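These notes are about the structure you will find just below.
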Amino acid sequence: MPDTLDRSGIDALRADFRARLVGARTDRDLKTLNDEFLSRKSGSVTALMKNLATLAPDAKREYGQLVNTLKSEIETALAETRAALESTRPPAGAVDVTLPGREIPIGRIHPLMRVRQQVEDIFTRMGYEILEGPEVEDDYHNFEALNMPPDHPARDMQDTLYLAAPIVGGTWGAHKGAIPEAQLRAATLLRTHTSAMQIRYMKTYTPPVRIIVPGRVYRRDNLDLSHTPMFQQFEGLVVGEGITLADLKGTLEAMMHELFGDVKIRLRPSFFPYTEPSAEVDVSCQGCHGAGCGTCKQTGWLEILGSGMVHPAVFEAVGYDPDKVAGFAFGLGMERVAMLKYGVDDIRLFYENDLRFLEQFPL
Ligand code: DAH
């Protein structure tokens, strides 16, 4: 039986409790401390009490008081800490008006879609019909009927993406309802240009024609600053009696003024198998207003589209009489317009969906 009272166990436990209490942050922490120190069965203060039995009666009383003091100290400290925690808690159902609001993510219209909507809007006001065509095409509509016979270089495997297995009887939609021409020709390729739709439309409807065909086209190109294997075009086609090159020029001028503001346009002689005469169209460079800069390679002009008067061979292919009607056609790249309009120098940005790029466009 020890004759001097050993207080060191009590003091150690007190120090341990103090240290642990500093780290208690939640009701749960406090409950854990309560259990560890005060639990009737396994609490460490309770365990100290069990030493009493080994002490002499005087020592027993003193030791018992010391342990009891520690026990009530711990109880008080736990109660105070619990009360302090309670007082910092907002009342049930309270709103913390200092919290920042939740940001609602807002989508934007993609720059290519903006261009598409603007072009469709311009031509809808001029009385054109907007329609789409199939992206999986056959050789006849994409090449042959457009005055590109079987040995024409434009069919080169270098440029055209052919299907491994032809598709017979494919279906496709048009805004005007299904174009009834039977899809008997096997689709063998992905269309290389929206011009294919000129043929489908004229084979189905009689003149007058005034259409815009926006849509995806495909070529065997690798990704770089100015190429993507899939890109988008607008095709324009107007056919009627007495349509002239002046109508083409006036129409393109109206479109370019709406798209780019105060620009000049010029027509340069060119060649496309499905137009005669053919012209490439340039707009004056807005970067330098014609003086010459890096964007326009010092020429003052930027090439924007291909166009021309519909070739008689095309009219013959679709069953129109080239002596009775005339027409013009044009095709331009949606990305090209967007790049010039918004000053984008890398076509890949349109397809990477990088928010740092997309968020630069207004809502
Ligand atoms: N199909 C041509 C291309 O993809 C663009 C084009 C040129 C369309 C002249 C036309 C046209 O309708 O008349 O580059």
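The values are calculated or read from the model by the stated rules, or taken from the named source; none is laboratory data. Since the model is a prediction, treat every value here as computed from it, not as a measurement. Methodologically, a virtual Cβ is constructed for each residue, glycine included, from the backbone with ideal geometry; neighbour enumeration extends over all protein chains shown. In case anyone asks, the SASA skips ligands and DNA or RNA and just uses the protein heavy atoms, side chains included. Shrake-Rupley method; radii C 1.70, N 1.55, O 1.52, S 1.80 Å.
Things worth noting here:
- Restricting ALA329, ALA338, ALA317 to those that are under 19 Å from HIS193 (Cα atoms) and in contact with a strand residue (DSSP E or B) (Cβ under 9 Å, 6 or more places away or on another chain) reduces the list to ALA329.
- Yes/no for LYS341 being closer than 19 Å to PHE123 by Cβ, in the same structural domain as LYS203 (by TED's automatic domain parsing), touching a residue at least 60 places away in the same chain (Cβ under 8 Å) and away from the ligand (no atom under 16 Å from the Cβ): yes
Here's the yes/no breakdown for (1) closer than 30 Å to LEU363 by Cα; (2) out of contact with any Gly (no Cβ under 8 Å at 6 or more places or on another chain); (3) at pLDDT below 90:
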| residue | (1), (2), (3) |
| --- | --- |
| PHE17 | no, yes, no |
| ALA24 | no, yes, yes |
| ASN34 | no, yes, no |
| MET49 | no, no, yes |
| LEU55 | no, yes, yes |
| LYS71 | no, yes, no |
| LEU78 | no, yes, no |
| ALA92 | no, yes, yes |
| VAL95 | no, yes, yes |
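- Residues (over 23 Å from the mean Cα position of the chain (by Cα), of a type outside the set (D, E, K, R) and surrounded by fewer than 17 Cβ atoms within 10 Å (Cβ to Cβ)) located in region 211-261: GLY240, GLY242, THR244, LEU245, ALA246, GLY250, ALA254, HIS257, GLY261
- Positions within region 135-161 being surrounded by 13 or more Cβ atoms within 10 Å (Cβ to Cβ), closer than 19 Å to ARG220 by Cβ and out of contact with any helix residue (DSSP H, G or I) (no Cβ under 7 Å at 6 or more places or on another chain), in sequence order: GLU135, VAL136, ASP138, ASP139, HIS152, ALA154, ARG155, ASP159, THR160, LEU161
- Within region 268-309, the residues that satisfy the criterion of being under 21 Å from GLU335 (Cα atoms) and touching a helix residue (DSSP H, G or I) at 6+ places or on another chain (Cβ under 7 Å) are VAL281, VAL283, GLN286, LEU302, ILE304, SER307.
- Members of region 216-234 that are over 16 Å from LEU163 (Cβ atoms), in a strand (DSSP E or B) and in contact with a Pro (Cβ under 8 Å, 6 or more places away or on another chain): GLN232, GLN233, PHE234
- Filter pass, PHE350 being in contact with a Phe, Trp or Tyr (Cβ under 9 Å, 6 or more places away or on another chain) and either more than 19 Å from GLU258 (Cα to Cα) or modelled with pLDDT of 95 or more (or both): yes
- Every residue from region 283-321 that is closer than 23 Å to ASP346 by Cα, touching a Phe, Trp or Tyr at 6+ places or on another chain (Cβ under 9 Å) and not aliphatic (A, V, I, L, M): SER284, CYS285, GLN286, GLY290, GLY306
- Considering each residue of region 333-348 in turn, at least one proves to be more than 21 Å from GLN117 (Cα to Cα), of a type outside the set (Ser, Thr, Tyr) and part of a loop (DSSP other than H, G, I, E, B).
- Yes/no for TYR351 being in a loop (DSSP other than H, G, I, E, B) and either within 16 Å of the ligand (Cβ to nearest atom) or hydroxyl-bearing (Ser, Thr, Tyr) (or both): no
- TYR128 vs. criteria touching a strand residue (DSSP E or B) at 6+ places or on another chain (Cβ under 7 Å), touching a residue at least 12 places away in the same chain (Cβ under 8 Å) and either hydroxyl-bearing (Ser, Thr, Tyr) or not assigned by TED's automatic domain parsing to the domain that holds MET197 (or both): yes
- Cβ-Cβ contacts under 7 Å between residues 6 or more apart (or on different chains), taken from a first residue in region 264-278 that is more than 9 Å from the ligand (Cβ to nearest atom) to a second residue that is charged (D, E, K, R) and open to solvent by less than 50 Å² (accessible area, probe 1.4 Å), are listed as ILE265/ASP282; ARG266/ASP282; ARG268/GLU280; ARG268/ASP282.
- The numbered conditions (1) in contact (Cβ under 8 Å) with a residue 40 or more places away in the chain; (2) open to solvent by 30 Å² or more (accessible area, probe 1.4 Å) are all true for VAL67 except (2).
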